[in-house]
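Worksheet: one structure, shown below.
The values are calculated or read from the model by the stated rules, or taken from the named source; none is laboratory data. Just so we're clear, the structure is a prediction, and the values are computed from it rather than from any experiment. Note that each Cβ is placed from the backbone with ideal geometry, even for glycine, and that neighbours are counted across all protein chains shown.
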Amino acid sequence: MARPVSSSDAPSDGHHALRAAGLEPDPVIEAYKAGVDRTLLRENLRLSPTERVRKLIALQELAEEARRAGAAAHRGR
Amino acid sequence: MTDFGALVKALNEGDVDFVIVGGLAAAVHGSARLTQDVDCVYSRTPANLERLVAALRGHGPYLRGAPPGLPFEWSVATIERGLNFTLTTDMGDLDLLGEIPGGGDYDALRPQAVEVVLFGHRCLCLDLAPLIRAKRAAGRPKDLEALAELEALLAARGPSRDLA
């Protein structure tokens, strides 16, 4: 199971985790982190790997249905 | 649409030695991003190539994006002549990679993988830190958002964890 996420997991702690894994922070990637939805990630970390992939499948089905609906709407114009 | 469970099951039940990488590995680690295919690095030992060919033989593997009707033969000889194969199958899209930038081949990735249970099947998935390293090494602009998310996951989760 994922460990509970605490307030010490704030974005500023990310550099410590990166360095512990032998990686240096990259300024371009850092700039993109502002757009990351951490709430969504915390939700995912509470799930099992299979549950995470099931969410991916649901997302895939939604995207497929949206594409189908969009194509049908274009044909109906 | 890709049937992730069926692909994992086919490879697993075929005793294929492989490590899940790419977008599916990211999803296993908690990524919320959409991916359309299964990327895996396979062992290129002769015995494993035999098992890989047998595992996918009944699923119509064919080169993705190639015109229909090409004389593509799914065989050990074909795999031996190439390294990376982007395939369509009746279970969905499957990228079979002999090696990846920043990670290497199956033997190099195996110790950097964690065992996960997916749809009831035990399989190997590249751990989060080496997945980040590989994506960084690929150097593709389209991966920048994904990398930001993976590094945020690493910060939230810690560098290493048993997922099984």
Here are some residues: A:ARG75, A:ARG19. Which one is modelled with pLDDT under 95, over 28 Å from B:GLU115 (Cβ atoms) and more than 8 Å from every other protein chain (Cβ to nearest Cβ)?
-> A:ARG75
Complete set of residues in the stretch B:73-95 that are exposed (fewer than 13 other Cβ atoms within 10 Å of the Cβ) and among the aromatic types (Phe, Trp, Tyr) | none
Residues B:GLY65, B:GLY30: which one is within 22 Å of B:GLU151 (Cα to Cα) and part of a loop (DSSP other than H, G, I, E, B)?
-> B:GLY30
Quick check: is even one residue across the stretch B:37-45 part of a helix (DSSP H, G or I) and farther than 30 Å from B:ALA148 by Cβ?
-> no
Determine the pairs where a residue that is at negative phi and of a type in the set (D, E, K, R), located within the stretch B:52-75, has a partner that is surrounded by 13 or more Cβ atoms within 10 Å (Cβ to Cβ) and not in a loop (DSSP other than H, G, I, E, B) with Cβ atoms under 9 Å apart, the partner being 6 or more residues away or on another chain.
-> B:ARG64/B:PHE85; B:ARG64/B:THR86; B:ARG64/B:LEU87; B:ARG64/B:THR88; B:ARG64/B:ASP93; B:ARG64/B:LEU94; B:ARG64/B:ASP95
Filter result (in contact with a Gly (Cβ under 9 Å, 6 or more places away or on another chain), away from chain A (no Cβ under 12 Å) and either closer than 29 Å to A:TYR32 by Cα or buried (at least 21 other Cβ atoms within 10 Å of the Cβ) (or both)) within the stretch B:97-145 | B:LEU97, B:ILE100, B:PRO101, B:TYR106, B:LEU109, B:LEU126, B:ALA138
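Just to check your reading of the model, which residue among B:LEU109, B:LEU97, B:LEU126, B:LEU131 is under 12 Å from B:VAL21 (Cα atoms), of a type outside the set (S, T, N, Q) and out of contact with any Leu (no Cβ under 7 Å at 6 or more places or on another chain)?
Result of the check over B:LEU109, B:LEU97, B:LEU126, B:LEU131: B:LEU97.
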Number of positions in the stretch B:1-27 that are more than 15 Å from B:LEU126 (Cβ to Cβ) and either touching a Cys at 6+ places or on another chain (Cβ under 6 Å) or assigned to a loop (DSSP other than H, G, I, E, B) (or both) | 7
Sort through B:ALA148, B:ALA108, B:ALA137, B:ALA164 and tell me the only one that's more than 13 Å from B:ALA25 (Cα to Cα), modelled with pLDDT under 95 and part of a helix (DSSP H, G or I).
-> B:ALA137
